[in-house]
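Each remark here refers to the structure printed beneath this line.
The values are calculated or read from the model by the stated rules, or taken from the named source; none is laboratory data. Worth saying up front: this structure is predicted, and the values here are computed from it rather than measured. Using ideal geometry, Cβ is built from the backbone for each residue, glycine included, and neighbour counts are taken over all protein chains shown.
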Amino acid sequence: MQIQIYQRAHKQKVPFTPLNKDHVRLYVCGPTVYSTPHIGNARPAVVFDGFVRVLRAFYPKVTYVRNITDVDDKINTKAQQEGVDIDVIAERYTKCYHEDLAALGCLSPDVEPRATEHMPEMIAMISALIERGHAYESENHVCFSVPSFDDYGAVSGRDHNARKAGARVAVETYKQHEEDFVLWKPSTETEPGWDSPWGRGRPGWHIECSAMIEKHLGLPIDIHGGGGDLLFPHHENENAQGCCFREGKEYVKYWMHNGMVNVDDEKMSKSLGNILLVRDLLQKAPGEVVRLALLQTHYRQPLRWHEDTLHSAKQILDRAYRLLEQVDTRDIKEWGWSDVPSEIQAALCDDYNTPLAITHWQALCRALQKKETHTAEEVKALLATHHFLGVGQRPIRSWFRQAEQGKLDVESIEKLLAERDQARQIRDFEAADRIRDQLESQGILIEDSNGKTKWRHQ
RNA sequence: GGCUGGAUGGCAGAGUGGUUAUGCAGCGGCCUGCAAAGCCGUGGACGCCGGUUCGACUCCGGCUCCAGCCUCCA
C-alpha cells in the first residue's frame, strides 16, 4: 500500500515519499484567533487530523505542527472595540478553538506554536533574507523582492502575466515591485509592536509560518496543508521566502489544500448571515456527527452543507453504534492499521479518499450486523477503522442517551416505560401507544426487541 | 476582467471509455399488537452544445452557472 497525494502543480496524484522515512514532518495553517470557530475552520483541522493518523500508521515518527496566528489586524480591531489587550482576545478564541476541535475528535498537534512567541525567529529570518538580497528595507517597512525569486508562481500555478492581469490594487510607494509583499511593517503607538532592527513594528502575514516551520520542524518539510483560500498569495509567498531563505533549495515537498465549505451552495459570509459556528452545530448533534459530515466529502472538493447534512451523518453513526452494542469488544486489546480492511486502507491511501472509505466502512458494518457472533479479526477490523476515521469513540450508552438533551429524567422515563409494559401485558395497546407518543414528544424513542424495551434520545 | 477548481438521481457523494457505486430520503416486503431497529427488494443521474469513438457521464473544444483567490485580507 502506497500513500498518494494530489499535487496541484502537476495536476495529478503522486506517490508520497518522505524526505526522511524515519521522521515525517507536516505543518498546517491554523486559525487567526479573533472569532468563534466556524465549520470552515473545522474542516482542515478534521481532515489533517485524520490524514496524520494514516501517516502515523506508515512511519515511526510523524511531527504535526499547527500554528495559532495571534498577531493580526483583525485581532487588533477586536481588542480596540472591547478595550482590552490583544492577549485577551487571542486567549479567548484559542480556548474556543481547542474546545470545538476536541469535540470533533481532533487529537492535539505535536506542537502548536504562536506567532507572538516567535518574534526573534521571524526577525532573524527577515534579516537573513535581507543579507541574501531577497528583501529590502523601505520607509520603515521590510519587503520581500519577488523578482529575486525565479520560481514565483509555481505553487499556485499563476505565471507573471496571470498575476499582473489580476492585480487591481494601487502599488504602495515603499514597494520596488508591484508584487513585493511585506515582511515587517511599522506600528503606531496604539498598535501592538515589537522592537526590531527596522524599528518598532509587527510582522507581515506570511513570515510567521516560515519562521515557525524552520524552528519546530526544520526546512524543508514534507507536507504543508491549509485551506484552498490560502493558496495565493499566502502559500506562494511562504514558498518564495522559504526557498530564498534556503538559498534556492526546496521549502515544502507536498502541498495539500482542502476545499471550502459552502452553505446551501453559497459561501459563508457575515453579510449573508449564514456562518455556521461549530458550537451551534454541536447543539444539534454530537461532535462525531459533525466530523463524519466533514469527512463525507473528499477533502479537495467544495463541501455543500445543507439542511440534511447532519441528519444523514447521524443516521450512519446511529447504525454504527447499534452494531457496537452487539459486538463484544472486551477481549480485544490491540489492533492497528493492518486490521483495517484492505479496501478501506486503499481508499485512505488514495489521496485520503474518506467518502469512499466511509462507504466501505458502512458495508463492513452491514456485514457484521448480519452475524450473531464475530471473530476477533472482525472486531479488530471495526475498531481499527473507527480509530482511523475518528468515529465510534464514544461510550455507547452516552451515544444514545445524552444527559444534556434530556427533558425527562431517567426515573420518569423508566416509570412511564413500566406503565407501558403493564398496559401491553393486559393488551391495552391504546394506553401503551399513548405513553410512547408522550415519550416521543419529549425526544425519547423506544424499541421493543427480544421482549425488552430499549430507549434512547432522538 | 484574470487565474484556479467544481457541476452526477429528491438530497449528499465516490468512481468509470461499454457492466449495480454507496448512504440519507421514498416505495414494496419480512419481522412486530402497532411501531422502532434489523433484513430483503425497488424506482431514480451523470449542467448545456458540439467533436473524437463502434460506443462517452467518463477524452477534447465552446458555453452557462457556482466557488476560491487576485498582494498587507485569513
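Below are the figures for this structure:
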| item | result |
| --- | --- |
| Among (1) in a loop (DSSP other than H, G, I, E, B); (2) at pLDDT 90 or above; (3) not hydrophobic (A, V, I, L, M, F, W, C) - the single one A:Tyr254 does not satisfy | (1) |
| Number of positions in region A:320-368 that are over 23 Å from the mean Cα position of the chain (by Cα), farther than 13 Å from A:His386 by Cβ and near RNA strand B (Cβ under 8 Å from one of its atoms) | 3 |
| Criterion (of a type in the set (Phe, Trp, Tyr), at pLDDT 95 or above and surrounded by 22 or more Cβ atoms within 10 Å (Cβ to Cβ)) met by exactly one of A:Tyr64, A:Tyr59 | A:Tyr64 |
| Residue among A:Gly199, A:Gly226 that alone is modelled with pLDDT under 95, crowded, with 19+ Cβ neighbours inside 10 Å and either within 31 Å of the chain's Cα centre (by Cα) or on the phi > 0 side of the Ramachandran plot (or both) | A:Gly226 |
| Pair list, Cβ under 6 Å, 6 or more apart: region A:168-181 residue at pLDDT 80 or above, other residue in a loop (DSSP other than H, G, I, E, B) | A:Tyr174/A:Glu139; A:Glu178/A:Val171; A:Asp180/A:Ser145 |
| Residue tally, condition within 14 Å of RNA strand B (Cβ to nearest atom), at pLDDT 90 or above and either touching a Ser or Thr at 6+ places or on another chain (Cβ under 6 Å) or among the β-branched types (Val, Ile, Thr) (or both), over region A:262-302 | 5 |
| Looking only at region A:42-84, and only at residues there that are of a type in the set (A, V, I, L, M) and assigned to a loop (DSSP other than H, G, I, E, B), the one that is farthest from A:Arg304 (Cα to Cα) | A:Val84 |
| Tabulated pairs, region A:416-433, first within 17 Å of A:Trp455 (Cα to Cα) and assigned to a loop (DSSP other than H, G, I, E, B), second small (Gly, Ala, Ser) and modelled with pLDDT under 90, C-beta under 6 angstrom, 6+ apart or interchain | none |
| Checking A:Glu447 against (1) buried (at least 16 other Cβ atoms within 10 Å of the Cβ); (2) within 10 Å of RNA strand B (Cβ to nearest atom), the condition it does not meet | (1) |
| Among (1) over 30 Å from A:Tyr352 (Cβ atoms); (2) of a type outside the set (A, V, I, L, M, F, W, C); (3) not in a strand (DSSP E or B) - the single one A:Asp448 does not satisfy | (3) |
| Residue match in region A:342-350 (condition: under 21 Å from A:Glu288 (Cα atoms), out of contact with any Leu (no Cβ under 6 Å at 6 or more places or on another chain) and among the aliphatic types (A, V, I, L, M)) | yes |
| Sole residue being without any contact (Cβ under 8 Å) to a residue 60 or more places away in the chain and either in contact with a Ser or Thr (Cβ under 8 Å, 6 or more places away or on another chain) or of a type in the set (Val, Ile, Thr) (or both), chosen from A:Ile332, A:Ile396, A:Ile358 | A:Ile332 |
| Among (1) more than 9 Å from RNA strand B (Cβ to nearest atom); (2) at pLDDT below 85, the one test that A:Ala384 misses | (2) |
| Residues within region A:29-41 that are touching a Leu at 6+ places or on another chain (Cβ under 6 Å) and either more than 26 Å from A:Asn237 (Cα to Cα) or not in a loop (DSSP other than H, G, I, E, B) (or both), tallied | 3 |
| Unique residue being more than 16 Å from A:His118 (Cβ to Cβ) and hydroxyl-bearing (Ser, Thr, Tyr) when the list is A:Ser196, A:Ser187, A:Ser210 | A:Ser187 |
| Within region A:274-317, tally of residues that are touching a residue at least 12 places away in the same chain (Cβ under 8 Å), in a helix (DSSP H, G or I) and farther than 22 Å from A:Met256 by Cβ | 14 |
